[in-house]
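S.K.: Quick one: this structure, given as structure tokens, is what I'll be asking you about.
Taken together, the values in this text are just the output of simple stated rules run on the coordinates, not laboratory data. Values in this document were obtained by computation on a predicted structure and should not be read as measured data. Methodologically, a virtual Cβ is constructed for each residue, glycine included, from the backbone with ideal geometry; neighbour enumeration extends over all protein chains shown.
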Amino acid sequence: MKGYHGKILKIDLSYGSSTPIDLKEEWAKAYIGGVGLAAKLLFDQITPDLDPFSPENYLAYLTGPFTGTRVPSGSRFAIAGLSPNGVWGESTSGGHFGVALKRAGFDGVLITGKAEKPVYIWVHDGEAEIKDATHLWGKDCYETQEIIKKDLGEKGVRVSCIGLAGENLVKYACVINDAGRAAGRCGFGAVMGSKNLKAVAAHGDAKVEIADEEKFDEAYNTTMRTNQANPFFHLLGKYGTLGYLDMGFLLGDVPYKYFTGTVFPAENVSPTTLMERYPVKGYACFGCPIGCGKRVRYNKKGIDEVDTPEYETIVALGPLCGNLDLDELIYANHLCNAYGMDTISAGVSIAFSMYLFEKGVISERDAGMRLEWGDGERISNLIKMIAKREGFGDVLAEGVRAIAAKFRVNEEEVAEVKGLEVPMHDARAFFGQGLGYATSPRGACHNRPDWFVVELGTGIQELDISPGERFNMQGRVSSFVKYQNFREVYNSLLLCMFIQSTPREVLDLFNSITGWNLSMEEFVRAGERMFNLKRVINNLRGITRKDDKLPRIVTASLNEGPTAGKSLGLEAMLREYYEFRGWDWESGKPTAQKLNELGLGDVAEKIS
């Protein structure tokens, strides 16, 4: 197969064994790669009663047909499997690690079992070794990457690893690669920690073959012209994702004080303020023409240079917690990267505790401290306590659902969906975004899909997806579903969502690499197939229609700001969504007819 090596490596840490598995061409055509292929490979492994922290749980590291090619921003890799929340989880990351893994001679690795002591996996030149990581246990993510590179002594090694949060099974521990790049959501750092797996290192020289170089060059040049003409392309290049903050604030899309408001002095944490106060330099992932990555000269708290907080991080650890102190925000982000912790879930958990403290539900005695809005130093200290599971940090480390259970808080006040904390795009600002939170297979997610991008003017004419009234989704849910399906394709190719290529351009790149000549209908249908397969996995894990919901804390109308008086009503949207998806309204399961249409007849039998 062109674009693939046709080989995936299964590694069993309990036995210290590695076994190559052939990647069937029919699977690659139907599920493409990345998170879609992961769902296919792991479907039979994720049983209804599987414990996410048991040795039997699998973790998939997968690349896609774009990984390792010159496709602009096609360098990502995916981590997927059963998350600590007990449902399907997936996360992707950029940088250079995905390319290193592909060049090691595999399309990915499937990891199961549990090592007797800390280990890391060294994948290189068509083989894998399981190496001792005892000396790495307790090291932060930055230290771990450098030590492994030094130990292996080979130029070009890339490392994906966990920090203290993963070792201590913090439910939202993430996986860090290439300094501060993160597979941020769904707690896979904790899954790695449960397996005594500190890291995966990769290197190799295996080339990715392209079926038609001439057609690929033509498709490449076309998509580059499209992106360079897009203002979003240049905004990200200048400011990174933080460049959205000012626009988001004007739209009421930036939550404040645990989703209870959207009005605050946004200039304190704006991208222009950050660049005025700190020297900033950019960097790019492999093959990326945008270069949204930023690092700042910090020179505080004994730290010289650090990764710049992304938009989600700035808001989650900043305004959401009432914190507008840039110095402390940059430091808090650095701590999360060092410890390997999802900044969104960490910020929401801390903000939730502050909200409950203000209401008198959590006392100073419960927390061992006062949890007051805006205390940036306190937030940084809480991050340290979470990573180490010390004191009240042990409570916060379990996430908002567990915090609510401990303090007997009504579920309508708990900002989560399917166990995943709500991200930093306010559902009242874009009603379709709220629908995405409710229906995303991994729980509340701003990228499953990023519907707010459509509403801001980035429609897809080829697929009949167009922007409209952001406070009204009536009659537009079919467009939303099409977009959700197409984003599944992106996460399987793997392609960065910041690239604004047309579907035809993406398909032309894919066909020129693989030589398969898929039609647009087949291409988009693959996304629908993946999405429904993940839904079935969740159904088998106990997910029903009642889990497709949003708590009142993120839907109730506000008294001021751009979304004042706007209240998101979900049920009407969901009914339209279920009808277009071909899902049963009572059970929340895809119908047998829909699954058979998608070539998932064997799957239909399991949920009938």
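S.K.: What residue among TYR578, SER567, LEU600 has its Cα farthest toward the positive end of the dipole of region 504-607, where the charges are +1 on Lys, Arg and -1 on Asp, Glu, each on the Cβ?
M.R.: Of the candidates, SER567 comes out farthest on the positive side.
S.K.: Roughly what would the spin-label model give for GLU571 and GLU412, points 7 Å off Cα along C-beta, in nm?
M.R.: If labels sit at GLU571 and GLU412, their model points lie 1.3 nm apart.
S.K.: Could you give the size of the charge dipole of the chain about its Cα centre, using +1 on the Cβ of each K and R and -1 on the Cβ of each D and E, expressed in debye and rounded to the nearest 20? Let's see the in-between values first.
M.R.: Values: 69 positive and 79 negative charges, 78 e Å.
Dipole about the Cα centre, nearest 20: 380 debye.
S.K.: Assuming R0 = 25 Å, can you tell me the calculated FRET efficiency for the pair THR19 and ASP602, based on Cβ-Cβ distance, to the nearest 0.05? Intermediate results must be reported in sequence, preceding the final value.
M.R.: Numbers: r = 24 Å, r/R0 = 0.96.
That gives a FRET efficiency of 0.55.
S.K.: Could I have the simple spin-label model distance between TRP137 and LYS546, label points 7 Å from Cα toward Cβ, reported in nm to one decimal?
M.R.: It works out to 4.1 nm between the two label points.
S.K.: Under 19 Å from a label point 7 Å along Cα→Cβ of ALA229: give me every residue in region 459-473 with its amide N that close.
M.R.: Residues 459-467 qualify, since their backbone N sits under 19 Å from the label point.
S.K.: R0 = 45 Å: FRET efficiency of GLU146 with GLU586, Cβ-based, nearest 0.05? Kindly include the intermediate steps, with their values, before the conclusion.
M.R.: Numbers: r = 54 Å, r/R0 = 1.21.
About 0.25, to the nearest 0.05.
S.K.: Pairs to check: LYS40/LYS566; LYS114/LYS406; LYS198/LYS300; LYS171/LYS546; LYS139/LYS546; LYS10/LYS155. Give those whose C-alpha atoms are more than 32 Å from each other in this structure. Mind dumping the intermediate values first?
M.R.: Working: LYS40/LYS566 40 Å; LYS114/LYS406 30 Å; LYS198/LYS300 29 Å; LYS171/LYS546 23 Å; LYS139/LYS546 41 Å; LYS10/LYS155 26 Å.
Check vs 32 Å cut-off fails for LYS40/LYS566; LYS139/LYS546.
S.K.: Stretch GLU26-VAL361 to full length: gain in nm at 0.36 nm per residue minus the Cα-Cα span? Don't skip to the end; give the middle numbers.
M.R.: Working: separation 335, 0.36 × 335 = 120.60 nm, distance 5.47 nm.
Extra length available between GLU26 and VAL361 comes to 115.1 nm.
S.K.: I'd like the distance between the alpha-carbon centres of region 133-167 and region 338-352, rounded to an integer number of Å.
M.R.: Measuring centre to centre over Cα atoms gives 22 Å.
S.K.: Let me ask another. Compare the Cα positions of PHE259, GLY287, ILE362 along the charge dipole of region 254-408 (+1 at Cβ of Lys, Arg; -1 at Cβ of Asp, Glu; about the Cα centre) and return the one farthest towards the positive end.
M.R.: ILE362
S.K.: Here's something else I'd like to know. What's the magnitude of the charge dipole for region 7-203 around its Cα centre, counting Lys and Arg as +1 and Asp and Glu as -1 at the beta-carbon? Answer in Debye, nearest 20. Before the final figure, lay out the partial values.
M.R.: Values: 22 positive and 22 negative charges, 114 e Å.
The calculation lands at about 540 debye.
S.K.: Quick one: compute the contact order of region 431-607, relative version, from alpha carbon pairs under 8 angstrom and 6+ residues apart, as a percent.
M.R.: Details: 194 pairs, mean separation 38.7, N = 177.
Across region 431-607, relative contact order equals 22 percent.
S.K.: On to the next question. Would you work out which of ASN491, ILE465, MET520 lies farthest towards the positive end of the dipole of region 431-607, given +1 charges on the beta-carbon of Lys and Arg and -1 on that of Asp and Glu, about the Cα centre?
M.R.: ASN491
S.K.: Please tell me the relative contact order of the chain in percent, rounded to the nearest whole number, where contacts are Cα pairs under 8 Å and at least six residues apart. Mind dumping the intermediate values first?
M.R.: Working: 1376 pairs, mean separation 96.2, N = 608.
Worked out over the chain, it gives 16 percent.
S.K.: What is region 251-293 by shape, rounded, prolate or oblate, if you read a ≥ b ≥ c off the alpha carbon gyration tensor as root eigenvalues and call it rounded for a/c under 1.5, prolate for a/b larger than b/c, and oblate otherwise?
M.R.: Working: a/c = 3.78, a/b = 1.82, b/c = 2.08.
Here region 251-293 falls in the oblate category.
S.K.: Could you work out how far apart the two model spin labels at ALA556 and GLU372 are, taking each label as a point 7 Å from the Cα in the direction of the beta carbon, and quote it in nm?
M.R.: Going by the 7 Å Cα→Cβ label model, 2.5 nm.
S.K.: Using unit Cβ charges (K, R positive; D, E negative) and no other charged atoms, how large, in debye to the nearest 20, is the dipole of region 254-408 about its Cα centre?
M.R.: 220
S.K.: In addition: Let me check I've understood the local charge: for PRO441, count other residues with C-beta under 10 angstrom from its C-beta, Lys and Arg +1, Asp and Glu -1. What total comes out?
M.R.: Details: positive: LYS418, ARG442, ARG448, LYS534, ARG535; negative: GLU90, GLU488.
With Lys, Arg at +1 and Asp, Glu at -1, the neighbours total +3.
S.K.: For VAL263 and GLN593 in one chain, what is 0.36 nm times their gap in residues minus the Cα-Cα distance, to one decimal in nm? Before the final figure, lay out each step's value.
M.R.: On the way: separation 330, 0.36 × 330 = 118.80 nm, distance 4.74 nm.
Residue separation times 0.36 nm, minus the Cα-Cα distance, leaves 114.1 nm.
S.K.: For the modelled label position 7 Å from the Cα of GLU56 along Cα-to-Cβ, which residues of region 86-116 have backbone nitrogen atoms closer than 13 Å?
M.R.: Hits in region 86-116 for GLU56 at 13 Å: 113.
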